[in-house]
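Structure record follows, encoded as C-alpha cells.
The values are calculated or read from the model by the stated rules, or taken from the named source; none is laboratory data. Just so it is clear, the model here is predicted, and its values are computed rather than measured. Note: ideal-geometry Cβ built from the backbone for every residue, glycine included; neighbour counts use all protein chains shown. Surface areas here come from the heavy atoms of the whole protein model, side chains and all, with no ligands, DNA or RNA. Shrake-Rupley method; radii C 1.70, N 1.55, O 1.52, S 1.80 Å.
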Amino acid sequence: MARIIVVTSGKGGVGKTTTSAAIAMGLAKRGHKTAVIDFDVGLRNLDLILGCERRVVYDFINVINGEATLNQALIRDKNCNLLYILPASQTRDKDALTQEGVGKVLDELTREFQYIVCDSPAGIEKGANLALYFADDAFVVTNPEISSVRDSDRMLGILSSKSRRAERNEEPIKEYLLLTRYDPDRVKLGEMLSLDDVQEILSLQLLGIIPESKSVLSASNAGIPVILDEKSEAGQAYADVVARYLGEERPHRFIDSKQGFLRRLFGGKK
Amino acid sequence: MLNTSSVLEFKSSTFFAPILILFNNDMAAIEETLHAKINLAPEFFRDSPLIIDLRDLNKQNQDLDFTHLTQLLRRVGFFPVGIRGGNDQQNKQARALSIPIDTVREQGAPIIAGNVQKPEMNPQPSSQPVTTVAKPSVNPAPIPPVAVTSTLVTQPIRSGQRIYASSDLIITSQVSAGAEIMAEGNIHVYNTLRGRALAGVHGNTSARIFCFDLQAELISIAGDYKTSEDLNKQTYHGPVQIYLQDHALIIKEIA
C-alpha cells in the first residue's frame, strides 16, 4: 500500500517544492517507486526544479478532467527511472482541482507506486487543503523565523481537523518537522530562532535540519534536485531526512556550526 | 379570590432523552434499522421520548419528509418530542405536529467552531441514545440533572483553532499562540498557554483560569480581560491561577 506524503507549510517560500523534489528523488534513489505531484496549479514550479519542464505535455488538471490518462501525463525522471512527476497546469487556477478528481488520481497512483509526494501550494486555501486531504504523512517545512513557525502551527491544526483521516476518525496523519534554511551562526547571534525555540512551539518529531546553503539555489536553477549534490550539506541533510523517514537512525547534523566544525576536525575516529 | 400560587408553578428541570441522528433519508432503511435496534432492547425503547436530529442529513442536502418520519416513529413505538437541525420545511411540519424545535446550540456538548479537531469528550458516541438513566413513565418524576461538568482535550490546540466548552475545559497539551479556548466554567491548561483563554464567558465571575506556564495573548474572566502587554509587566515562574476580584483580574502563583 502506498504512503501519501504531503509537503506543506502554510507560508510561501520556505522550501516546500525544493523539499518535495529532494525527498521524492531520495525515495526513488533508494529503490522505491515514487510519484511527485505539483498541487500548485497556476504557479507550477516542481517541473523546473526537477528539470523536466520541457517535457510537459499533459498535466494534473488534464488527468482530473479526463482529457489525458495518468500514464500520458506522468513524466519519468531522467536521473532516476523510479521517479515520476505529475506536473501542475500553468494555465488554470486552483478551482480546477476537485476533491473527487484528486481522490481518483491518487487512488490510481496508489496502485502503482510506493510513495506519492504531494507538493502543496502556500496558503490555507483549496489547493493546500486538497494536497493534504488524502495524506498519510505530513512533512511540515518551517523556516526558523516566527511567522513561518506560526503558519506551520496553523497548518498542523488543519492537518488534524480537515484531512480525510480526521473526517473518518482514523489514525491521525503522522506529522514531521523539517527545519529548512537553518543558519547556526545566525542562531548564535540571536538573529534566527533556534531548533529549541521552534520545537517549544511545534513539538513535532524532527526529521531533519536543512542548513542554509548556496547549493540549493544553484541546484534549483540547474533543474537537479539538491539531494543529488552529495557534496553539499543540504544534499546530505535531505539524504538523512529520507533515511530517517524510512526508519533509519541517524544523528542530527547541522544544528551547531562549531560542533560540526570540531567534528570535522577531530571526528571520524570516535 | 383564588390564590394563584396554589394552582401552578413553573420550574426548570433537566431530562434525558435519546437523540435519533439520521444519516440517510431512505424511509425503508430507517424503518428496518429501527426495528433491528428495538429488537435488541424492546423494553428500553418502548414509549420512549425521542429527539430527532436532522443536521447531518441536511448537511448532505438529503431531504426528508418530517411528517412521514414522525408517523413512522410513532408506529414503531417512539414519542417524538423534539427536532433539531431541521430545515425550514421540516421545522414547519414539526410545528404543525406540535413538536418543539430546537434551533439553539445543544446543551452539554461543546461547540466547536473553526477548524478544530474533535476533542475527546466525556459524552458517549452520539449515534447511541444518550439515555441510560431515565425511563419516562406516565407521571415522570423530576430527575436530578447530571450535568456534563468538564470537557477534556488532550491534543495540542494549534494556531487558528477554537475550542468552546459549555462546562469546565481541561487541556493537557499546549495552547498555541493564535488559538482561542473558551469555557462557560473554569479553564485548566496543564501545559503552556500561549493563545487566548476566556473563562466564564456567560458571565460566571467565579470562574478561574489555571495554567502551568502563562504566556497568553489574552486572558479573560466573565468579560474582564488582560492582554499580553499587561501580562508581560510581571513574570511568573511556575503554575498560576487567575481569578476575578472587584472586576480586576488577579494572577497568583500557585505555590
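Results, tabulated for the structure shown:
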item	result
Only Lys, Arg (+1) and Asp, Glu (-1) charged, at Cβ; the stretch B:14-102 dipole about Cα centre in debye	200 debye
Rounded to 5, the percent of DSSP beta bridges in the protein assembly as shown classed as antiparallel	20 percent
Mean projected area (nm²) of the alpha-carbon convex hull when the stretch B:14-102 is viewed from all directions	5.5 nm²
Gained length - A:H252 relative to A:E125, 0.36 nm times residue gap less alpha-carbon distance	42.4 nm
With all protein chains modelled, accessible area of A:H32 [1.4 Å, Å²]	40 Å²
Residue with peak Gaussian network fluctuation, chain A [Cα springs, cutoff 10 Å], from A:P184, A:P251, A:P87	A:P251
Environment charge at A:S152 (Cβ cut-off 12 Å; Lys +1, Arg +1, Asp -1, Glu -1)	+1
Cβ-placed point charges (K, R +1; D, E -1), dipole of the stretch A:167-266 about Cα centre in debye, nearest 20	460 debye
Over the protein assembly as shown, equivalent-ellipsoid semi-axes from the Cα gyration tensor in Å	51, 34, 17
Chain A, dipole about Cα centre (Lys/Arg Cβ +1, Asp/Glu Cβ -1), debye to the nearest 20	780 debye
Computed E for A:Q114/B:F10 - FRET, C-beta separation, R0 51 angstrom, nearest 0.05	0.15
Given 11 as the ceiling on other Cβ atoms within 10 Å, longest exposed-site-free region of chain A for GluC sites (Glu not before Pro) in DSSP loops	A:1-124
Local electrostatic count, A:K11, Cβ distance below 12 Å [Lys/Arg +1, Asp/Glu -1]	+1
Separation of the A:R30 and B:L218 label points, Cα + 7 Å toward Cβ, nm	4.6 nm
Hull shadow area, averaged, the stretch B:194-255 [alpha-carbon convex hull, nm²]	3.8 nm²
Most mobile listed residue (A:M25, A:M155, A:M192) in chain A, GNM with C-alpha springs under 10 Å	A:M192
Cβ-Cβ FRET estimate between B:D230 and B:R74, R0 fixed at 56 Å, reported to 0.05	0.40
Label-point separation, A:E167 to A:D185 (7 Å along Cα→Cβ), nm	4.8 nm
Descending semi-axes in Å of chain A, equivalent ellipsoid built from Cα gyration tensor	30, 21, 17
Full-stretch length increase - B:D63, B:A255 - with 0.36 nm per residue and alpha-carbon distance subtracted	63.3 nm
Dipole axis of the stretch B:181-230 (+1 Lys, Arg; -1 Asp, Glu on Cβ), positive-most option in B:G185, B:G223, B:L198	B:G185
√(5λ) per eigenvalue of the Cα gyration tensor, the stretch A:124-270, largest first, Å	29, 17, 16
Kirkwood hydrodynamic radius of the stretch B:151-253, Cα pairs, Å	12.9 Å
Computed [θ] at 222 nm, deg cm²/dmol, the protein assembly as shown (DSSP H ≥ 4; -39,500 (n - 2.57); rounded to nearest 500)	-8500 deg cm²/dmol
Efficiency of FRET between B:T205 and A:E230 - r from beta-carbon atoms, R0 56 angstrom, step 0.05	0.30
